[in-house]
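Worksheet: the structure to be examined is printed underneath.
The values are calculated or read from the model by the stated rules, or taken from the named source; none is laboratory data. Note that this is a predicted model, so its numbers are computed, not measured. No Cβ is skipped: glycine too gets one built from the backbone with ideal geometry, and neighbour counts run over all protein chains shown. The area values use the complete protein model at the heavy-atom level, side chains included, leaving out ligands, DNA and RNA. Shrake-Rupley method; radii C 1.70, N 1.55, O 1.52, S 1.80 Å.
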Amino acid sequence: MSGRLIDFLLRLAPRERFLLGMLVVVLLVVGVGYGAVWPLAEERRAAQEELLQSLALDAWVVERRDELAGLDRPADVQEVREPVGASAIEQGLITRQLRASLTRLETREGGEIAMRFDLVPFTQFMHWLDAEDPVWGYSIEQLRIERTDRPAMVEARLTLVPAQ
């Protein structure tokens, strides 16, 4: 194989050998560029994208924290009320125009109520929660709020237990 390559190169003029050598060098440089440099550039771009996403998430969390700080109210000692039931809670959602956002309303043993909102406006949800919580007769056992792809929209899960 190498003997045929040497014979082929010897039959070429010096200028043709030089141009062929330059072509090989250019192909090697391009090959190294595609094989080594391009993947590194792609990894860097992906890392920068991930950094931007994490910075955006951090900014979103700070904004939500500031919104929650505005929603805080002093804890008053209030009388324990009788639980109002799932239908009254649902009526409160209808009044606040949040019923369409509710994807699951489940009544469990012991009067426990579980709700799930897949896509709900954060501020509207928190205003509803703030206004309705004192009159429900329930305590919030679990509240989970997660960010979604849409700005100002969250996914929320809420579990209520009868107040004691």
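Here are a few things to note about the model shown:
- Between VAL32, VAL154, VAL120, the GNM of the chain built on Cα springs shorter than 10 angstrom shows VAL32 fluctuating the most.
- Cα gyration tensor, region 104-160 - rounded (a/c under 1.5), prolate or oblate: oblate
- A crude spin-label estimate for the pair LEU9 and ALA114, with each label 7 Å from Cα along the Cβ direction, gives 7.4 nm.
- A 1.4 Å probe run over the protein chains yields, for region 116-164, 51 Å² of accessible area per residue, whole-number rounding.
- Most fluctuating residue given options GLU146, GLU63, GLU42, as computed from a GNM of the chain linking Cα atoms under 10 Å: GLU42
- Think of the chain as having a plus end and a minus end, set by charges on the Cβ of Lys, Arg, Asp and Glu; of LEU143, LEU55, THR107, LEU55 sits farthest toward the positive end of this dipole.
- Each Lys and Arg adds +1 at its Cβ and each Asp and Glu adds -1 at its Cβ; summed about the Cα centre, the chain shows a dipole of about 1300 debye.
- Sum of side-chain charges, TRP60 neighbourhood, beta-carbon under 13 Å (Lys, Arg +1; Asp, Glu -1): -2
- Gyration tensor (Cα) of the chain, equivalent ellipsoid semi-axes in angstrom: 70, 17, 12
- Portion, in percent, of the accessible area of the chain that falls on carbon or sulfur, probe 1.4 Å: 58 percent
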